[in-house]
Structures are given as structure tokens and as C-alpha cells.
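In what follows, a structure is listed as C-alpha cells, so that the remarks can point back to it.
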């Protein structure tokens with residue numbers, strides 16, 4: 001895919017770990033926010049324990065860490081519009097989409113209508129989407 | 001490093017960003033700007049207050065591109081341009097305004 005003389009690549013950021021036990025979740029989010037400046041085709045995946053990163057109503061007071069779960073709502077501002085949630089990962093943890101934050105973006109080409117960024121996807125379908133990527137980062 | 005306001009001392013990092021953002025008061029922003037040789041007017045404060053609200057909501061300082069778009073939406077199209085923001089904050093709108101707002105240096109900052 002080309003946009004003028006700039007080549008746009010498909011970048012996928014794969015998040016598989018719980019949000020606060022390690023630094024991976026926050027690091028991934030920071031990398032994504034920086035990468036968003038380069039106008040590439042970006043998608044995020046939350047699978048395995050990574051689905052916990054998007055849990056609604058997080059409270060980090062007891063663990064003494066910054067509650068960066070609020071930052072995911074800013075992804076729409078950064079033109080990140082594809083956030084895949086692996087269905088089996090949710091089910092294996094007794095969760096459903098209703099337990100997660102509602103993430104949206106404003107569609108510039110549709111009079112700034114708010115649209116869902118979250119895409120529920122099966123493990124099998126996700127494998128296909130991964131296959132289409134130019135670059136996959138795993139966190 | 002530290003900055004002194006009204007006889008009280010506030011810790012900053014080596015680039016002058018406030019260490020503890022809970023300590024911030026508007027007087028600190030003004031003092032930092034004076035130290036940089038450019039006092040703040042109401043147009044500066046619009047942007048600084050916007051950044052503080054953005055941080056409160058999203059826990060990050062927005063990248064300059066995001067800031068520009070959001071300012072345009074909130075304060076009017078004539079203000080949502082990088083020209084306008086760079087005139088107010090010649091050292092880089094996100095970077096300089098965040099400093100006065102007592103926020104950490106923005107991720108991937110300009």
C-alpha cells in the first residue's frame with residue numbers, strides 16, 4: 001500500500017501479559033504512542049493475560065503504580081482504530097467484552113462519528129490477521 | 001534541581017520538569033516561564049489548562065499532533081494549528097507547555 005512516496009506498513013502490537021506485574025504492558029503502550037506518529041497501519045492485539053490490560057474499573061492504589069488503563073482511551077486520538085481482542089482468551093478467563101473498557105475513535109471521513117475500535121476475533125481468525133502483517137511486536 | 005516560589009522549594013529534573021506533579025500550582029507555571037524569559041498570557045494558559053485536563057483524563061501528555069487537533073476542536077480551528085502553538089511555545093508546544101503545566105515530558109515528545 002502506498003501513500004504518495006511513503007510506504008505504509010502493517011504493524012501489529014501483541015499484548016499477552018497482565019498489566020502490573022511486569023513493565024511490558026506500559027512499555028508496549030508507550031511504544032505504540034510513539035509509533036503512531038509515523039502514520040503506519042497499526043493494530044493492537046490483546047490475548048492471553050493481556051486481556052486484563054483493558055479491564056474496566058482498574059484501581060492501582062494498593063500496588064502503588066500509575067493507573068495507565070485510562071491511557072487506552074487516548075488511542076483513538078492517535079488514530080489507532082483496530083484493537084483486536086481474542087475471544088478464547090476472554091472466555092478462558094470467564095470474561096466478556098462487557099468487562100472491558102469501551103474504546104472508540106472518531107471517523108474523520110464520516111463527520112467525526114464515534115466508532116468502536118474494539119474487534120472481537122477468534123483465535124483462528126487472528127492467526128490469519130497476524131499472517132497479513134509486515135511487522136509484529138510481541139510484549 | 002529545584003525551583004523557588006514564595007519561599008518554597010520544588011524539586012525538578014535536570015530539564016526543569018516538576019518531579020511531583022501533585023505539587024503543581026499556577027504560580028509555579030508562571031515562575032518557570034519567567035525564568036525562561038517569557039511571561040504567560042491567557043492564550044498560554046488555555047493550552048496549559050487543556051494539557052492538565054488531558055493528563056487528568058488519560059494519564060499522558062499528548063503528542064504534539066494530537067494536541068494540535070484537540071486544541072482545534074476545543075478552542076477553535078484558528079488555534080488548532082502548529083503555527084499558533086509554536087508561536088505561543090517556541091521550544092515545542094507539547095514540551096514547553098507540559099513543563100509549565102507540571103506534567104512529565106510527553107512520550108515521543110516534540
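The values are calculated or read from the model by the stated rules, or taken from the named source; none is laboratory data. The model shown is predicted, which means the values in this text are computed figures rather than measured ones. Cβ sites come from the backbone with ideal geometry, for glycine too, and all protein chains shown count toward neighbours.
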>> So residue B:49 ticks every box in (1) part of a helix (DSSP H, G or I); (2) out of contact with any helix residue (DSSP H, G or I) (no Cβ under 7 Å at 6 or more places or on another chain); (3) more than 27 Å from residue A:57 (Cα to Cα) but one. Which box is left unticked?
In response: (3)
> Residues in the stretch A:38-49 that are touching a residue at least 24 places away in the same chain (Cβ under 8 Å) and part of a helix (DSSP H, G or I): how many?
Replying inline: 2
> Can you name the condition, by its number, that residue B:45 falls short on among (1) exposed (fewer than 14 other Cβ atoms within 10 Å of the Cβ); (2) within 13 Å of the chain's Cα centre (by Cα)?
Replying inline: (1)
> Being crowded, with 21+ Cβ neighbours inside 10 Å, touching a helix residue (DSSP H, G or I) at 6+ places or on another chain (Cβ under 7 Å), in a helix (DSSP H, G or I) and within 14 Å of chain B (Cβ to nearest Cβ), is that true of even one residue in the stretch A:16-23?
Replying inline: no
>> Condition (residue is within 14 Å of another protein chain (Cβ to nearest Cβ) and either in a helix (DSSP H, G or I) or surrounded by 15 or more Cβ atoms within 10 Å (Cβ to Cβ) (or both)) applied to the stretch B:25-42: is it met by at least one residue?
In response: no
> Somewhere in the stretch B:52-65, is a residue away from chain A (no Cβ under 14 Å), over 30 Å from residue A:76 (Cβ atoms), touching a residue at least 24 places away in the same chain (Cβ under 8 Å) and not in a loop (DSSP other than H, G, I, E, B)?
Replying inline: no
> Do we find that residue A:73 is surrounded by 14 or more Cβ atoms within 10 Å (Cβ to Cβ) and touching a residue at least 24 places away in the same chain (Cβ under 8 Å) in this structure?
Replying inline: yes
> How many of the residues in the stretch A:61-78 are over 16 Å from the mean Cα position of the chain (by Cα) and facing chain B (nearest Cβ under 10 Å)?
Replying inline: 2
> Does the stretch A:83-110 hold any residues that are buried (at least 18 other Cβ atoms within 10 Å of the Cβ) and either farther than 20 Å from residue B:70 by Cβ or more than 14 Å from chain B (Cβ to nearest Cβ) (or both), and which are they?
Replying inline: A:83, A:84, A:85, A:86, A:87, A:89, A:90, A:100
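This table checks each residue for (1) over 15 Å from residue A:138 (Cα atoms); (2) at pLDDT 95 or above.
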position: A:7; (1), (2): yes, no
position: A:34; (1), (2): yes, no
position: A:47; (1), (2): no, yes
position: A:54; (1), (2): yes, yes
position: A:78; (1), (2): yes, no
position: A:82; (1), (2): yes, yes
position: A:88; (1), (2): yes, yes
position: A:101; (1), (2): yes, yes
> Which residues, taken from the stretch B:79-110, are more than 23 Å from residue B:5 (Cβ to Cβ), assigned to a helix (DSSP H, G or I) and modelled with pLDDT under 90?
Replying inline: B:82, B:93, B:94
